[in-house]
1. Would you kindly state how much longer the chain becomes between ALA94 and SER17 on full extension, computed as 0.36 nm times their sequence separation minus their alpha carbon distance, in nm to one decimal?
2. With every protein chain present, what is the per residue accessible area of the chain (1.4 Å probe, Å²)?
3. Could you give the size of the charge dipole of the chain about its Cα centre, using +1 on the Cβ of each K and R and -1 on the Cβ of each D and E, expressed in debye and rounded to the nearest 20?
4. Amide H to amide H, which residues 5 or more places from THR70 or on other chains are under 5 Å from it, using H placed in the peptide plane?
5. Output wanted: per-residue J couplings in Hz (rounded whole) for segment 57-71, from phi through Karplus 6.51 cos²θ - 1.76 cosθ + 1.60, θ = phi - 60°, x for Gly and Pro.
6. Would you look at the GNM of the chain, springs on alpha carbons closer than 10 Å, and say which of VAL158, VAL101, VAL48 moves the most?
7. Where does the chain land at 222 nm, in deg cm²/dmol rounded to the nearest 500, when only DSSP H runs of n ≥ 4 count, each adding -39500 (n - 2.57), divided by all residues?
8. Roughly how many Å² of TYR214 are accessible to a 1.4 Å probe, to the nearest 10?
Amino acid sequence: MSGATPRAAFDQQYTLSARQYLSQVDFYTWTRHFHVLRDLCELVQGDVLEVGTGDGVVRRCLQPLVRSYTVVDVNAQLQPDVLADLRQPQPELAARFDAVVCTEVLEHIPWADLPLCLAHLHGFLRPGGLLFLTLPHRKGHMLVVTPRQRLLKWRFPVGLTSLGEAWNRFVRRRIWIDPHHCWEIGDGHVKRSQVEGLLRAAGLATERFAELPYCDYWVLRRAAPAGA
């Protein structure tokens with residue numbers, strides 16, 4: 001990526017292969033996969049849509065356990081079932097799925113487009129269907145694994161857990177985020193309350209919520225029509 005313009009470097013992420021994604025998986029990603037897969041196995045047996053498959057781990061684990069599994073992605077290298085941008089309408093996918101999985105995807109899309117993307121995710125679900133959603137939350141983290149294999153986690157404001165973060169926040173007056181992201185919760189501009197307001201406006205009600213290392217995790221339900 002040396003010498004590439006910021007736009008070219010950003011766009012390059014949409015040409016990565018599944019092998020490249022998998023080679024970059026870190027502990028935080030595996031922790032996210034664990035929570036999402038555990039809840040999917042408990043709650044879903046029907047038709048599943050994954051938006052943005054990345055390393056493909058969720059699909060390979062869950063596909064044998066559900067009635068059908070469909071992937072939509074903007075990256076042709078990942079060989080999705082539906083090659084499409086989430087910001088574009090996909091009427092053939094409307095109300096076809098009992099669950100939609102969308103983990104670490106929406107932050108790659110401009111904040112202004114988030115309401116439209118949430119409306120499309122809502123539209124993919126059957127009434128009563130579930131959305132499994134994660135979004136990065138820029139915080140400092142401390143993790144401890146107990147002898148009984150419980151993961152204890154604490155979050156700290158940006159700038160308190162490393163010299164680099166302190167320099168960026170208190171000297172340069174900016175909060176660093178992943179260069180492949182357009183925004184993150186806690187980036188100094190976007191708050192979790194804003195995201196949750198947009199989720200409610202899209203007709204998605206929170207069933208479960210957890211603060212995971214580096215991300216916030218929701219299981220949301222599409223409300224059934226009145227009188228149903």
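The values are calculated or read from the model by the stated rules, or taken from the named source; none is laboratory data. Note that the coordinates shown come from a computational prediction; the quantities given were computed from them, not determined experimentally. Neighbour counts run over all protein chains shown; Cβ positions are idealised from the backbone, glycine included. We work out accessible area using only protein heavy atoms, side chains counted, and drop any ligands, DNA or RNA first. Shrake-Rupley method; radii C 1.70, N 1.55, O 1.52, S 1.80 Å.
1. Going from the current span to full extension adds 25.0 nm.
2. Accessible area per residue, the chain: 53 Å².
3. 700
4. Correct list: VAL48, LEU49, GLU50.
5. Result, rounded to whole Hz: 5, 4, 4, 5, 6, 8, 3, x, 9, 10, 5, 8, 9, 10, 10.
6. VAL158
7. The helix-only estimate for the chain comes to -7500 deg cm²/dmol at 222 nm.
8. Around 40 Å² of this residue is reachable by solvent.
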